[in-house]
Each structure stands twice: as C-alpha cells, then as structure tokens.
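Single-structure report; data block below.
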Amino acid sequence: MTFLGQKVAEDICDGQAAYKELLKNMGYRLWVSRLTISKGENKHDITLNLENSGVAPLYGDWTVVLYLCDTSGKVVQSQDLDCRLSELLPNQTAELKASFAYSKNQKYQVKFGIISPMTQEPSVHFAMKGFEREFMPKLATVQKDKKSADK
C-alpha cells in the first residue's frame, strides 16, 4: 500500500491504533530533528533539520514554509524554504535555513508547515510526538533578549 487517505480511519473504533501502525510502515514520516535559532542585531537566523524516517519520499515537491507568528498564532512573516521533498529519501535529513527580521520588543512563535498545492494551506501531519494532529506545529518561542533590551 502506498497511499492512505486522511479520512480512512475516522470511523474505526480501536482508537486508531491499527491506522497509526499502518502509517508507521508506509510512505513518508517527516519530522524536525533539530532547530537552531541565532539572534543577530535585527534578525533571527533559523536552521532546522527535516528528517524522513519513513519508507518513501513525498511524491511531490510541495512548498516547505517557516513561519514567524505573534503570540496569538497569527502569521507575521513567512519564508519558503529551499527543499525538494521528492528527494528527501528515507533516513535522510535536509538542512533548511531562513532569516527573519524582527522587533526586539516582540515575542514570536516559530512554526513550520508544508503547503498542499490543492488547498494552498499547510496540510501535512508531522511524525513528532505531541504534534501528530497539527499542520503547523510550534517549534519554538523567541523572546526579546534581555541584554539587547538594555541597550
């Protein structure tokens, strides 16, 4: 089996245990294995490692996006990342980089998503504990640096 649609397990009464076991053994399993944030004078440099621990790549090159959101989750900035998901093979990792300008008085959430070409919305679930049902998981919160606030 190479595809299991998102609606297939809605009515299974086993708490989706069989569905989850199937997902572990087919297709892609994407997750962020590392995140580094470096604060510059007026920007954040963000590097993340996207890993595929599944048995196949994503078949299409959907757009990979990193978001900077305010504390309510509203997108303030976004940046498309240079990533060819069709080339991210099983047990491989892609290092992705972005830079965002920021206000030192603002607190931000760093979120991540993969855009479906059909809906133009983040549409991929990630194989990350606690984020299994999220299309745009929050990876980190970035706050103003106390030292830079004192300048």
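Here are the numbers for this structure:
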item	result
Whichever residue in the range 107-119 is part of a loop (DSSP other than H, G, I, E, B) and touching a Ser or Thr at 6+ places or on another chain (Cβ under 9 Å) and, among such residues, is surrounded by the fewest Cβ atoms within 10 Å (Cβ to Cβ)	Pro117
Candidate set from the range 55-88 (those that are among the acidic types (Asp, Glu) and touching a residue at least 24 places away in the same chain (Cβ under 8 Å)); member that is surrounded by the most Cβ atoms within 10 Å (Cβ to Cβ)	Asp61
Boolean, Glu10 is modelled with pLDDT under 95, in a helix (DSSP H, G or I) and out of contact with any Cys (no Cβ under 9 Å at 6 or more places or on another chain)	no
Check on Lys20, modelled with pLDDT under 90, out of contact with any helix residue (DSSP H, G or I) (no Cβ under 7 Å at 6 or more places or on another chain) and assigned to a loop (DSSP other than H, G, I, E, B)	no
Selected residue (only one of Asn52, Asn91 is surrounded by 14 or more Cβ atoms within 10 Å (Cβ to Cβ), touching a strand residue (DSSP E or B) at 6+ places or on another chain (Cβ under 9 Å) and more than 27 Å from Gln143 (Cα to Cα))	Asn52
Lys107 being within 16 Å of Lys138 (Cβ to Cβ) and touching a residue at least 40 places away in the same chain (Cβ under 8 Å)	no
Qualifying positions in the range 52-80 - farther than 19 Å from Tyr108 by Cα and either among the hydroxyl-bearing types (Ser, Thr, Tyr) or part of a strand (DSSP E or B) (or both)	Asn52, Ser53, Tyr59, Thr63, Val64
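The values are calculated or read from the model by the stated rules, or taken from the named source; none is laboratory data. Quick caveat, the model's predicted, so the values are computed rather than measured. Don't worry about glycine lacking a Cβ; one is built from the backbone with ideal geometry, like all the others, and counts go over all protein chains shown.
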